[in-house]
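What follows is calculated from the coordinates using simple rules that are stated; it is not laboratory data. All figures in this text were calculated on a predicted structure; none of them were measured in a lab. When we count neighbours, we look across all protein chains shown, and the Cβ atoms used for this are built from the backbone with ideal geometry, even at glycine.
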Amino acid sequence: MTTLSLELQQQLASVRHVALDMDGTIYLGSRLFPWTKDFLALLDRLGIGYSFLTNNPTRSVDDYVRKLSEMGIQTAEDNIYTTSLAAIDYIKATYPAAGKLFMLGTPSMVSQFEKAGFRSCADAPDDVPDVLVVAFDPTLTYERLCRAAWWASQGIPYVATNPDRVCPTDRPTVLVDCGSLQKCIEHATGRQPDIVLGKPDPTMLLGICRHHGIRPAEMIMAGDRIYTDIAMARNAGAIGILVLSGETTLETALGTTDPPDLILPDLSALGAILSSSRSSAKNDAPGLIDPQ
């Protein structure tokens, strides 16, 4: 049991929105955490809004709405922000004439880009893309990885959707994520992406603030990764709360040089803290860990 500082108590009492990482925070792989529905219901009762953010670009927004619905969570497309959407917005703003993309990504992700008006290039040396997009891709083949490295070596504008090294999973394996693919291409060609979008880039979080008319200090970013979720909270000026239900261990969390505002075992502990902050009855909450 640790007492919250007066400053953090005041911040939590004024929270109007919670941005939630998805994999490792509200579910793990295909398994919804048992506390997630109760936590979302609590936010509704407290009058606190929430949005779902993910660095995982493998699914389109429609697919995420469908996945959450199958898990018993009903939400609208406007409440889901993916790195695919961030990449689409960035390419349209930075390379307005771009029409052809060579993409390392799932068919679902590619469909999101095609819906936005882009064409996917073939794996062929004469189908030259305007932009190279590298994302988390469980459907990746060796040939397409080599083609992506080739376009990177040729100086094609190069956008990566997210920096994550691995993707959380409930299976006995390691899911190599976009950050690791970037390292592979860099080792082969010497080329790094021109930009790496997604968390910790604050764009998605600041977009939520604009959409809901709130200040970053009135928002919590809750997630399971220090180097993406918590770093994005820092970069945006939001409250960063780390949950230990996904990638990060307690040992790693306590050893970081840039600690989150709170370290909690899961979202149920955050629910208890928010309830307490609203009632002003108690300053303590079960499972609270002082990162200092």
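The GNM of the chain, with springs linking C-alpha atoms under 10 angstrom apart, assigns the highest mean-square fluctuation among Thr75, Thr139, Thr249 to Thr139. Taking Cα atoms only, the orientation of helix 178-189 departs from the longest principal axis of the chain by about 40 degrees.
Build a GNM of the chain with springs between Cα atoms under 10 Å apart, and of Glu218, Glu70, Glu114 the one that fluctuates most is Glu70. Relative to the longest principal axis of the Cα atoms of the chain, helix 267-279 runs at roughly 50 degrees.
Each of Ser69, Ser84 was scored by other Cβ atoms within 10 Å of its Cβ. Listed from fewest to most, they are Ser69, Ser84.
Per residue of the chain, the DSSP helices (runs of n ≥ 4 H) give a summed -39500 (n - 2.57) that works out to -11000 deg cm²/dmol at 222 nm. Treating the chain as a set of equal point scatterers at the Cα positions, no solvent, please give the Debye-formula log₁₀ I(q)/I(0) at q = 0.13, 0.14, 0.15 Å⁻¹. Log10 I(q)/I(0), no solvent term: -0.87, -1.00, -1.12. Subtracting the Cα-Cα distance of Asp126 and Thr94 from 0.36 nm times their residue separation leaves 9.1 nm of extension gain.
The C-alpha atoms of the chain define a longest principal axis, and helix 36-46 lies at about 60 degrees to it. Highest GNM mean-square fluctuation, the chain, Cα pairs closer than 10 Å: which of Phe118, Phe136, Phe52? Of the options given, Phe118 has the highest mean-square fluctuation. Would you pull out the residues with amide H under 5 Å of Leu28's amide H, same chain only if 5 or more places away, H placed 1.01 Å from N? Amide H to amide H, under 5 Å and 5 or more residues apart or across chains, Leu28 pairs with Phe33.
The phi-based Karplus calculation (6.51 cos²θ - 1.76 cosθ + 1.60; θ = phi - 60°) puts the 3J(HN,Hα) values of the stretch 244-251 at 9, 9, x, 6, 7, 8, 4, 4 Hz, whole numbers, x for Gly and Pro. Each residue of the stretch 138-148 was assigned a 3J(HN,Hα) from its phi angle through the Karplus curve 6.51 cos²θ - 1.76 cosθ + 1.60 (θ = phi - 60°); the sequence is x, 9, 4, 10, 4, 4, 6, 4, 5, 5, 4 Hz, with glycine and proline shown as x. Spin-label model, Lys67 to Arg215: label points 7 Å out along the Cα-to-beta-carbon direction sit 3.5 nm apart.
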